[in-house]
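The structure appears below as structure tokens.
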Amino acid sequence: MTTLPIESQKTSQIRFTLNGEETDVSFAPYKTLLEVLREDLGHTGTKHGCELGECGACAILLDGKPVLSCLVLALECGGKQVLTVEGLGENGHLHPLQDAFADLGAAQCGYCTPAILVTVKALLDQNPRPTRDQIREAISGNLCRCTGYLQIFEAVETAVLKITEQDSSAT
Amino acid sequence: MMRLPLFDFRAPRTLEEAARILDGERANAMPLAGGTDLLPNMKRRQQVPRMLMSLSHIESLNRVMLNDSGLRLGACLILSEIAADPRFRNGFTALAQAASLVATPQIRNMATLGGNICLDTRCNYYDQSYEWRKSINFCLKKDGATCWVAPGSSKCMAVSSTDTGPALMALGARVRLVSRSGEREVLLSDLYNNDGIDYIKRKPDEILAEVLLDSLHGWKSTYWKLRRRGSFDFPVLSVAAAVRLSRNNTVEDARIIVGSAACRPLAATEAAKSLAGRSLDRQAIEEAATLAARIAKPLDNTDFDMTWRKRVTAEFVTYALRELRGDDVRAERESFTRYAFE
């Protein structure tokens with residue numbers, strides 16, 4: 001098989017909303033959303049792990065739901081809303097989840113962190129006060145080989161308290 | 001890095017258009033639903049269709065229709081939605097449980113009912129990268145001549161690893177298959193075939209469009225799954241059971257299905273028959289469990305020891321039937337499946 005120059009392989013285009021911004025991208029049609037995010041859009045926050053759905057490192061939110069970007073064809077993402085870790089903070093400030101993960105050592109090597117952050121964000125959007133079991137269930141598809149998960153649960157619970165405080169002081 | 005191979009892509013909007021495309025392409029094309037089984041297989045070159053035909057844009061495949069006579073479920077319903085839908089309780093509980101125990105939360109947000117029914121069979125010698133498989137000169141299921149699990153076998157022994165398949169068989173499900181030349185309804189149990197390669201009798205030009213379930217008024221059902229971790233893993237043994245009890249608590253009808261113990265989910269017909277007219281007492285359950293374990297023939301091609309997987313069959317049938325007669329087995333379920341189902 002002859003290898004075509006990379007630019008001429010970019011025969012497919014989609015328009016979708018990436019972290020709140022309307023985005024047009026051209027890419028090779030066999031690419032997964034993960035590959036397009038990282039290679040064609042330079043958004044390397046989403047991590048590339050097992051490529052087979054066995055680790056959870058590439059999770060992003062597609063129309064608000066956590067899915068694995070390594071198993072989504074970019075061709076199927078036209079018109080969709082995609083949220084990656086790059087879109088989590090607002091106005092130059094970290095999201096309370098990111099703050100809590102940094103403060104409490106919930107990220108060590110950090111490779112699983114972006115996927116866990118967006119997965120937990122989707123949980124909190126549905127259920128602002130989750131129990132420890134609900135947090136555990138929500139991230140049961142995200143492997144972490146550093147923390148043993150306890151710091152992650154504690155960071156999520158700390159962020160939940162912080163978000164609740166912010167909300168009550170805002171009203 | 002494992003890239004997908006090149007493929008043509010079509011995304012029809014109607015079932016008719018999809019059937020026309022498959023009629024033209026036949027085995028060159030594969031329907032793509034959630035992609036959580038097919039895309040990893042394509043990356044490892046286990047399946048290399050020349051064309052992928054997405055089913056995601058066909059609205060009729062996402063419908064749930066519920067009336068007095070039963071349920072019609074679109075094949076592209078997402079597993080997480082089935083797991084969370086309160087309509088799938090009582091008689092249908094086994095389906096919701098099976099859907100909720102597939103893989104991980106992210107995968108359940110992508111994977112579909114039809115995709116899980118049609119899940120490719122699995123084997124330690126098959127579910128490996130291209131280079132790994134090449135190093136053993138491939139295997140009977142793909143690109144090779146020898147079944148490495150049973151080298152004397154002319155048949156591929158890859159294991160049926162669907163969770164919803166056994167559950168739906170216990171509920172007596174039928175499926176509607178649509179092609180350009182027409183459509184047919186078959187019992188799900190007749191769709192499966194005990195061969196690791198030809199494990200499903202869907203023809204290449206057919207689309208599995210719907211799952212049909214009769215009303216299960218008066219039935220109770222449950223699903224038990226064996227896996228190493230409380231998440232991620234495919235079943236390496238499962239039991240689905242459904243019973244209809246009379247007013248004085250004797251069994252009027254029963255179905256017991258053993259999953260992941262062969263190339264297809266197996267109906268434990270004798271075990272289910274042995275319960276007829278009896279109450280679910282200790283002796284009746286013990287007899288049914290022994291009969292059901294007899295048909296399970298696990299081989300050494302999945303996680304866990306095969307003789308132990310066979311022993312678990314009897315245990316799981318016992319827990320399932322105890323649960324259906326009303327015993328509280330939540331602690332056992334949580335300890336074996338690391339999962340509570342409320």
_Positions within the stretch B:103-119 being within 14 Å of another protein chain (Cβ to nearest Cβ) and either crowded, with 24+ Cβ neighbours inside 10 Å or within 16 Å of A:Cys55 (Cα to Cα) (or both), in sequence order_ = B:Ala103, B:Thr104, B:Pro105, B:Gln106, B:Ile107, B:Arg108, B:Asn109, B:Met110, B:Ala111, B:Thr112, B:Gly115, B:Asn116
*Answer yes or no as to whether B:Arg180 is surrounded by fewer than 22 Cβ atoms within 10 Å (Cβ to Cβ), within 30 Å of A:Gly141 (Cβ to Cβ) and either charged (D, E, K, R) or not assigned by TED's automatic domain parsing to the domain that holds B:Asn301 (or both).*
no
_Residues (over 21 Å from B:Leu6 (Cβ atoms) and not charged (D, E, K, R)) located in the stretch B:37-67_ = B:His57, B:Ile58, B:Ser60, B:Leu61, B:Asn62, B:Val64, B:Met65, B:Leu66, B:Asn67
*Check A:Ala100 against each of (1) outside any helix (DSSP H, G or I); (2) assigned by TED's automatic domain parsing to the domain that holds A:Phe153 and name the one condition it does not meet.*
(1)
*Number of positions in the stretch A:23-74 that are farther than 23 Å from A:Cys144 by Cβ and charged (D, E, K, R)*: 6
*Tell me which residues, restricted to the stretch B:154-183, are part of a loop (DSSP other than H, G, I, E, B) and free of Cβ contacts under 8 Å to residues at least 12 places away in the same chain.*
B:Ser154
_Among residues of the stretch B:30-77, those that are without any contact (Cβ under 8 Å) to a residue 40 or more places away in the chain, more than 10 Å from chain A (Cβ to nearest Cβ) and surrounded by 19 or more Cβ atoms within 10 Å (Cβ to Cβ), counted_ = 2
*Only one of (1) in contact with a strand residue (DSSP E or B) (Cβ under 7 Å, 6 or more places away or on another chain); (2) farther than 21 Å from B:Ser60 by Cβ fails for B:Lys201. Which number is that?*
(1)
*Just wondering, is there one or more residues in the stretch A:49-70 that are more than 10 Å from chain B (Cβ to nearest Cβ), assigned to a helix (DSSP H, G or I) and not polar (S, T, N, Q)?*
no
*Report whether or not B:Ala19 is more than 9 Å from chain A (Cβ to nearest Cβ) and either surrounded by fewer than 19 Cβ atoms within 10 Å (Cβ to Cβ) or within 15 Å of B:Thr112 (Cβ to Cβ) (or both).*
no
*In the stretch A:36-48, which residue that is part of a helix (DSSP H, G or I) and within 11 Å of another protein chain (Cβ to nearest Cβ) is nearest to A:Thr11 (Cα to Cα)?*
A:Glu39
*asked:* Looking for something more than 10 Å from chain A (Cβ to nearest Cβ), closer than 30 Å to B:Ser129 by Cβ and not charged (D, E, K, R) - is there at least one such residue anywhere in the stretch B:78-92?
replied: yes
_Enumeration of residues in the stretch A:128-145 that are surrounded by 11 or more Cβ atoms within 10 Å (Cβ to Cβ), more than 18 Å from the chain's Cα centre (by Cα) and either closer than 20 Å to B:Gly230 by Cβ or at pLDDT below 95 (or both)_ = A:Pro130, A:Arg132, A:Gln134
*Only one of these conditions is not met by B:Ser260: (1) within 18 Å of the chain's Cα centre (by Cα); (2) modelled with pLDDT under 95. Which number is it?*
(2)
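The values are calculated or read from the model by the stated rules, or taken from the named source; none is laboratory data. Everything quoted here is computed from the prediction, not taken from an experiment. Cβ coordinates were reconstructed from backbone atoms using ideal geometry, including for glycine residues, and neighbour counts include every protein chain displayed.
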